[in-house]
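Take a look at the structure set out below.
Just so you know, all these numbers are worked out from the coordinates, no wet-lab data involved. None of the values given here were measured: they were computed from a predicted structure. Virtual Cβ from ideal backbone geometry, glycine too; neighbours counted across all protein chains shown.
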């Protein structure tokens, strides 16, 4: 598995769990998620994009997992 594939899987799952959170808890936009974890909206957008391969740090992935109430392992499935 390539690094690009791993980043694409992580990004796809961030989007999946953000949208699931929005559907079950409360609306959570890319802007709101970015503000909650202290990163730019463009980072969240790039992570969720199928066209852009964007890496993410472990601390930022951890922050996202806490906001979305999802274990970090779920982002790699």
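In what sequence do 70, 41 fall when counting other Cβ within 10 Å, fewest first?
Ascending number of Cβ neighbours within 10 Å: 41, 70.
Taking only Cα atoms and a 10 Å spring cutoff, compute GNM fluctuations for the chain and point out the largest among 58, 44, 14.
58
So what's the angle, to the nearest 10 degrees on a 0 to 90 scale, between helix 3-24 and the longest Cα principal axis of the chain?
Once rounded, one gets 20 degrees.
So what is the calculated 222 nm ellipticity per residue for the chain, using -39500 (n - 2.57) for each DSSP H run with n of 4 or more, over all residues, to the nearest 500 deg cm²/dmol?
After summing the helix terms and dividing by residue count, I get -20000 deg cm²/dmol.
Return one number: the angle in degrees, 0 to 90 and rounded to the nearest 10, between the long axis of the Cα atoms of helix 58-68 and the longest principal axis of the Cα atoms of the chain.
40
Rg and Dmax of the range 1-56, Cα atoms, in Å?
Rg then Dmax for the range 1-56, in Å: 11.3, 35.
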